[in-house]
Every structure is written in structure tokens, then in C-alpha cells.
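Just so it is clear, none of the values below were taken in a lab; they were calculated from the coordinates. It should be emphasised that the depicted structure is a prediction, and the values quoted were computed from it without experimental measurement. Neighbour counts are summed over all protein chains in view; Cβ atoms, including those assigned to glycine, are modelled from backbone coordinates with ideal geometry.
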Amino acid sequence: MIGAAFSVTLTSAQGGDETAFACLFRDVQPALLRYLHVITPEADDVAGETWLQVVKGLPGFRGGEEAFRAWLFTIARHRAVDAGRSRSRRSDVPLAATETLDQPMAPDAAELALEAISTRSVVALIKTLPREHAEIIMLRVVAGLEAADVARIVGKTPGAVRVTAHRALRRLAELAERAGVTH
Amino acid sequence: MPGFPFPGRPGGEHDEPLLDMIIARHVLPPDAPQPMHDLARMLAALAGPAEPGELAGEAAVRAAFNRASSPAGISATARHAGRRRRVRGPARSRARLATALVVAVAGLGSVFAAYIDVLPGPIQQLAHVTVAAPPPPSAKPPRSVTGRTAAATRPADRHSSQPVPRQDASPSPAPVAGQGTPTPNLKLGASRSPGQRVTGPSCGPGPVRSPGPQPKASGHPSPSSWPPGYHCTGLPSGPSALPTLNPYVPLTGTRGR
């Protein structure tokens, strides 16, 4: 998070300052890419499309840092949904089989145990959760969005988001204990 | 992992404050269960700084940003084309405005010319039909020539090389046939070119050629009602004394008289 300097950085970026825009990019891009790795197999492409749309809409954006992040992750989710539809149209695989393929496979416990606690291993572990749980964890914890913003993005109530996040964290702790990731 | 509150287990709801602290990235109290600390450490790693490769798309995104931030958001060639378009736009509108002005002036001039009755016959007739301008001379009712001055102002009369017969100065209110003052048709065809012979007498006995329709109820007798052997008022009476409006005399050389 940029913090107090966000307003100045945003204003400079809206005025065409490339350095300020790069600051915004470097601050958000890691969380964005990790979130997209959880919800779509085409994370890099979707991230690029997301930033292109952000560049287009940046001059008209108004709001603080949390609003900026919420706006950006909303765009990313829409682009991921579009990519998923496009992928399903291109594929000749039946829908049921596609859903099975899209469902993240549980990583091998021994494989995970061999890895250190890295971002990639945690992302792989989160992908084993149900899609809704994984997405809410990423938006709440990684993107740092408030429950209300997450609720707007995923189409739930803030209370449902809070309950789902708690369940997802408990389930993640279980998985991590079994996989030995946290040891 | 003893003491970790899993869902469905007794006491599962008591971990909610700790879970909220993990989500908010707050530091857990030291007496929190170890699994909570492990979970917090794992999620902190997930929200950590960028790893190698995660910022690989920065160059492309910055290029897109630069393109969007440039004045036109397009290449220099396209900017020049846009400038040419901007320059060409006012010039085109000026040309349109000038054309509109010319058309408007020409239209108003034509209407004005039609109302002062100086247009050629067919065009004057068209103007009479379209804009209620005075009818062309050939379509007008024969008017009594009230004097030399009035006759001299008539375009056709200006072409005449013959003396203009004098008429009564007073207008003739519906003269009785055979007694009133006939109004000779001194008007020549509007479309007659200089040098063209007149095919009929414009004043005197005999058939009078009237190319245009004769108006009704105009108070003037039609030429066909003129009695034979009439004479123009103010001229020596008798057929031999009629003014020599020889129709075969070329009507040239009288302009500017």
C-alpha cells in the first residue's frame, strides 16, 4: 500500500507522469497477479488487459487508495470472466470436463512440503479451496479490500463475505497443517 | 495441532477475532494458538513484495500509458493528420459559407429583378408563377400607353423605330366597343431578338398577334373586339394617316435614343 502519498501519486499519474504510474503499477501488480493466478489460468494476459483498461480510465478516476484497488480488481475480475467465456467457446471439451479442468488440483502434500513458504506455494494451496473461498481470501487478505468492496465485487453481502472468509481461513489452516507448508 | 479451532469443532467460533486480525494484517497476540501464527505468516508471505517475474509486464504497460498520455494518444503521423484535418475544417466551412452567401445573393437578386420586371419573358413568367412576381409583358393585359415618357420606359418600345402614338392620358374605364379608345398592342415579343421582323402590326387594323393570354375583366378591350378602321387616338385619322408602324422595319438602332 502506498499510503499517504497515494493521492499525490495518483494525481501525477493522471497528469501523465510515467514514474508515478509505475509506482502505482509496482504497488498493485503483485497482488493482482496472485489474485488472477487463483481465479484464471491466463493470469498474465488478463493482467495486461486489466492495466490497459486502467490506463484508459485513469484520467477519470476519483477516489482514494482503497477505491483505486477496488476499481482495479473489479476490472480484473471482469476480464477474467471474459477470458473464461472466450476459453470455453474455443474449447471443444464438454462443459462438465472443462469445469473439472478449471477446478484447481490439490497439490501433492510431499511436493508442497519440499518447498519453502513461498508465495507460489501458498497460491497453489489456496487454489485447492473452493473457488468462492479462494477468491474472497485473495481479495480480503492479498488485495487488502474491505468486506463491503469484496461484497460488491463477488455479488454477496458483507456479512456473507465475512463468514466465508472465516471458513476459508480455517480450511486453509487445515490444508497447510496437512501439507506441512507451515512447518 | 491441539487447540486450533476448526469449524464444526466445539469452540470454533472463538477464533473469529483472531481471524479478523489476520485478515487485517494485525500482529497477533503472543498467546494466540500456534496455528494462527502459522496462518498469519503464510498470508503475510502471500501479500509480500513482488517476486521475480511478477513485474515483467511493466514495460508494456508503461508503453501503453505513454501512448495514452500523449496529446492525441496516437502516433506523430496521426497527430499531423489530425492537425491537417483541424486546419482543413474551418477552410471547408468558409467555402460553404461563401457558397451559401453567393446563392442567397443570387436568389435575392433574381427575385428583385423579377419584381422590377426586367427578366426575360420565360424567366419572368416562371417568377410570376413561383414568387408572384409581375407577369411577363406578353402575359400582361394590354395597358394604355399614357404618353411618350411611359412608352419610352417600356423595353419593347425602346426598340421601336417608329413614332409612338399618343394616347389619352386618362385611363380608359371599360370603353364601349367601337367607341372607346383602343389600346394598341405596342409591345413586341419579349423574346424577339434585335433585327427580327415583326410579324404583325402592333397598331392598326388587322389581326393582332397576341402571344400571351389575355386577362379577363381588365377593363381593356381585347384586340379582337376592335372595330375595323379604327385609328389611334392623337394621330391623324384615316387609314392612310396611321402611324407607320411597319412591322417589317428592323427594330434596331433605336437604343439610347
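Could you give me D for region B:95-141, from Stokes-Einstein at 37 °C and 0.692 mPa s, where the hydrodynamic radius is the Kirkwood radius over C-alpha pairs? Units µm² s⁻¹, please.
Values: Rh = 11.1 Å.
Stokes-Einstein gives a translational diffusion coefficient of 296 µm²/s.
Do any chymotrypsin sites (Phe, Trp or Tyr not before Pro) in region A:1-96 lie in a loop, going by DSSP, with at most 16 other beta-carbon atoms within 10 Å of their beta carbon, and if so which?
Values: sites: A:6, A:21, A:25, A:35, A:51, A:61, A:68, A:71, A:73; in loops: A:61.
Passing sites in region A:1-96 are A:61.
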request  = Assuming R0 = 25 Å, can you tell me the calculated FRET efficiency for the pair residue B:44 and residue A:174, based on Cβ-Cβ distance, to the nearest 0.05?
outcome  = 0.85
ask   = Working out 0.36 nm times the residue gap between residue B:24 and residue B:113, then minus their Cα-Cα distance, what length gain in nm do you get to one decimal?
value = 23.1 nm
message = Within 10 Å of each Cβ in A:169-179, how many Cβ atoms from other chains are there, averaged over the peptide?
response = 5
inquiry  = With a cut-off of 8 Å between alpha carbons and a minimum separation of six or more residues, what is the relative contact order of region A:1-95 in percent?
reply    = 29
Candidates per trypsin sites (Lys or Arg not before Pro) in region A:37-88, loop by DSSP, up to 15 other Cβ within 10 Å = A:62
note = For residue B:58, placing the label point 7 angstrom along Cα-to-beta-carbon and taking region A:1-40, residues whose amide nitrogen sits under 14 Å are A:18-31
note = Expressed as a whole number, the average count of other chain Cβ atoms within 10 Å around the Cβ atoms of A:156-168 is 2
